[in-house]
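Written out below as structure tokens is the structure these notes cover.
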Amino acid sequence: MPSTPIYLTNFATPLAQRKVAIPRLQRPSQGQNGMKDRRRVPRACTACRSHKIKCTGERPHCKHCATTNRECVYIMPRKDRLKIVMERCQQMASLLKGLRSCANADDDARIADLLEAVEEEISGSRRTTAPSIPDTDANGSQESHELGALDHQDGLDTESLGLLDEDLHINDRARATGFVGKNSEVQWLRAVTLAQSEQTDDEAGALHRQGSYAPGIGNEQISSYSFWTDSESVDIDFFVDPYDLPPLETAERLLGCYISKVHDSFPILPRKTFEDQFRKYFTALQNGNAPRLSPMWQAILNLVFAIGAKYSHLSKASWRADERDHLIYQARARAFGLNEFTLTRHSDVPQIQSLGLLGFYWLSIGQVSRAWTVIGIALRFAYTLGLHVRNEDPSATAVKRETLVRTWWSLYSLERTLSIVTGRPSIIVDSCCSVPLPIPVTEEQISDQMEAAYRMRKRSSSLISTPQSWSSGIVDPPRTPMGLGTTEANSGSYFKAAVQLSIITQNILTSLYTASTITRSAAENQHEMAQLGQRLDQWVLSLPREFNFQEPINSASMAFSRERMLLAFPLCGARMLLGRLCLNPRRQAWREGNEATFARRMGNSCIEAAKMVVDFLPDEPNAHFIYDQGPWWCIVHHMMQAVSVFLLGLSYPTSTSQDSMLLIYYVKKVIRWLQVMQDPVAERAYQVAMSSFETVSRRYPAHVAGIWRMESAHGSDIQQHALGPSMTAYLPAQVTPDQFVPQDIAVATYVAYDAVSTGATFPAHNGIAVYSNSDHTAR
């Protein structure tokens, strides 16, 4: 029917008055909602399709099927059916992996061939999966297609996405903080403030408008919630002679701090080789025939001093120097090998090691953005030298190969930590890496025979690390293969366990905190979270009993009390990352049945993990304890991660079944600890935590009053984990700083190596020994 009006002509009237417009009649269905009524449903039921009639799309019965008393069936789109099939394939592949340990040699080989063929298909399907927009039926149109896509996007939850809703170029502080992703506790603290504004907003639909953090929400930038020191300069405003060195006694103490408090967690340097070089150089320096040092070795030496100096100030050692001495050491290191020529030189192992040490130092002083950047450069250089793949060089000794392996995994673990802290993506592509996991032995035990035997047994038991195995978080089972015996608790097995936990944590980030989550259904996300939780449980079971903090303390595990705590903190952090997305009422609104029960259980587990972090801290704050026994380089990160979880639980009480009074107690306990730690990062964290807590506490005025000093009866309700005699010694207040860093620690360390010649033979240059760059890798 033409859209123009119909005109009637009267020839008896003048020409100007002949045409009279007759308005077009409007159908009843073409009112204001006419366009809405003409929209097609995304998918018609099978009965309406077969009869070629329009389906109204109601669930569980459309109007036609309800009127005719027919069975109303909606067929899923092809892409959704494909997702279910792929999910079942993944489940069967996981089952086959678990059965390999029980299969004989022939069945194991067949399973291996099958998994190798299936794994590539599964990983390829994950990479190529696109968002599934419901197909239209035969009566559909392009209009319904577009509207359905918009409705689909509106229904998606963007909590796990890293959205940029502010101008990071507005000032220096914003640029220094940079982008902070959704898995960072800084964003969690911001979410606490946004939650309060949501709950006080009386306008209809405010919750929906604020669900995706649209621009304009909140006047404060993310830098207002950051407690890191990125905005402060790392340069010094006075001249520093890069060739100056501390006295021998001070140098030994600084190196002792580094070896005892850092090296086992991040063995970037070969300890035996570096200590031997250190002793040879200072002995020659005292004798007046000091060798000429390579600039890169001097950079590494000063970075070790800087890290040791920072720890001496945190632990309040009696022999510590000026508060700025660690900045002076890092300035000397940057003058030697970390300057404007760093990016123009070809990469070598000493350069990689120095960049890794600089990244760790910047993390320890709160410069997380700089640390994240420099670790990325170090990893690029490591890629250049092939540290990410298996080393089959026949000329390389076992010691050299294992040194490179541990250097790579140190950078790997450090970068994973910084990715969690900053919320930024990792640059490591796990599928491109084939480097084996570190051998679980001490550095002194590494030999060619031992390495060959270990790798052979690992292959025979089908537990050798591959790009698919370690990148998917596979860990050694609780029982070791036949002939290997029980895994011994030592520095090597501790480092391997820490690496495996870093791998699983990265799986959590890539599975739950990336854009790929919007293409998965709620059931698929729930299945993914359950599998990741099982991997964490398997990792705990694979630990040597001395490292498992959930096991009762005994005489054998007392010597590894520090390792137990160093592994416990990141494990709790991984569990918090796993359940954090369930502390969100925007997701609760459309959850039903089993899904709501699962979400509540995950939210509770997230808060329980945060409680466990705080339970490791004695009720009476003692900074010496945590710096001596815990991950002192990022302990504030773990504390603020727990605080943000508690505050989210208080902000969204319907997401969990936790007692608000108990959560307030935990928040207060952490705040008291931050107040006594006397560190610039802790001081900033204290201010941010107090501000966020004051915002939340307005809803709990009766609970907050008088809670700073809790009654002992209430404290008994908090489950304290077994710390062992070596940790309970820190509970009394009668502690002096010197006992945490013994003054003869460095001397005692070196005496053990006097009878062993492990250092490299330094070439002569005009009669003077020269420490060349090649000496940084054990031979």
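The values are calculated or read from the model by the stated rules, or taken from the named source; none is laboratory data. The shown structure was predicted, so the numbers you read here are calculated from the model rather than taken from an experiment. Here the Cβ positions follow ideal geometry from the backbone for every residue, glycine too, while neighbour counts run over all protein chains shown.
Details
- Here region 638-667 is the region considered, the condition is being part of a helix (DSSP H, G or I) and without any contact (Cβ under 8 Å) to a residue 40 or more places away in the chain, and the residue that is surrounded by the fewest Cβ atoms within 10 Å (Cβ to Cβ) is 653.
- Check on residue 320, surrounded by 20 or more Cβ atoms within 10 Å (Cβ to Cβ) and out of contact with any Phe, Trp or Tyr (no Cβ under 8 Å at 6 or more places or on another chain): yes
- Tally of residues being assigned to a loop (DSSP other than H, G, I, E, B) and at pLDDT below 85 across region 72-85: 4
- Tallying residues that are within 24 Å of residue 678 (Cβ to Cβ) and not hydrophobic (A, V, I, L, M, F, W, C) within region 284-334 yields 16.
- Each residue in region 232-277 was checked for being assigned to a loop (DSSP other than H, G, I, E, B) and under 15 Å from residue 325 (Cβ atoms), and 10 pass.
- Among the candidates 633, 673, the residue that is crowded, with 21+ Cβ neighbours inside 10 Å and in a loop (DSSP other than H, G, I, E, B) is uniquely 633.
- Close pairs from region 79-91: first surrounded by 14 or more Cβ atoms within 10 Å (Cβ to Cβ), partner charged (D, E, K, R), Cβ under 7 Å, at least 6 apart: 83/524; 87/524
- Residue count, region 229-249 (criterion: within 21 Å of residue 173 (Cβ to Cβ), surrounded by 10 or more Cβ atoms within 10 Å (Cβ to Cβ) and without any contact (Cβ under 8 Å) to a residue 60 or more places away in the chain): 2
- Hits in region 206-228 - residues which are surrounded by 14 or more Cβ atoms within 10 Å (Cβ to Cβ), in a loop (DSSP other than H, G, I, E, B) and modelled with pLDDT under 90: 210, 211, 212, 213, 217, 218, 221
- Some residue of region 346-361 being assigned to a loop (DSSP other than H, G, I, E, B), surrounded by fewer than 24 Cβ atoms within 10 Å (Cβ to Cβ) and not hydroxyl-bearing (Ser, Thr, Tyr): yes
- Hits in region 532-589 - residues which are farther than 21 Å from residue 487 by Cα, of a type outside the set (Gly, Ala, Ser) and outside any helix (DSSP H, G or I): 583, 584
- Residue satisfying all of: in region 362-386; aliphatic (A, V, I, L, M) and in a loop (DSSP other than H, G, I, E, B); surrounded by the most Cβ atoms within 10 Å (Cβ to Cβ) among these: 365
Residues are listed down the side, and each one gets a yes or a no for (1) touching a strand residue (DSSP E or B) at 6+ places or on another chain (Cβ under 7 Å); (2) farther than 30 Å from residue 430 by Cα; (3) small (Gly, Ala, Ser):
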residue	(1), (2), (3)
46	no, yes, no
51	no, yes, no
71	no, yes, no
87	no, no, no
112	no, no, yes
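- Residues of region 600-630 that are among the hydroxyl-bearing types (Ser, Thr, Tyr) and either buried (at least 19 other Cβ atoms within 10 Å of the Cβ) or in contact with a strand residue (DSSP E or B) (Cβ under 9 Å, 6 or more places away or on another chain) (or both): 627 alone.
- Some residue of region 337-344 being more than 30 Å from residue 678 (Cβ to Cβ), at pLDDT below 95 and crowded, with 22+ Cβ neighbours inside 10 Å: yes
- Leading residue by the ranking (surrounded by the fewest Cβ atoms within 10 Å (Cβ to Cβ)) among those in region 275-302 that are aromatic (Phe, Trp, Tyr) and touching a residue at least 60 places away in the same chain (Cβ under 8 Å): 281
- Residue in region 289-296 that is among the aliphatic types (A, V, I, L, M), over 30 Å from residue 628 (Cβ atoms) and outside any helix (DSSP H, G or I) present: yes
- Yes/no for residue 349 being of a type in the set (A, V, I, L, M, F, W, C) and touching a residue at least 24 places away in the same chain (Cβ under 8 Å): yes
- Scanning region 84-98 for residues that are among the charged types (D, E, K, R) and under 27 Å from the mean Cα position of the chain (by Cα) yields 87, 97.
- One residue alone among 316, 400, 310 is touching a residue at least 12 places away in the same chain (Cβ under 8 Å) and not in a helix (DSSP H, G or I), and that residue is 316.
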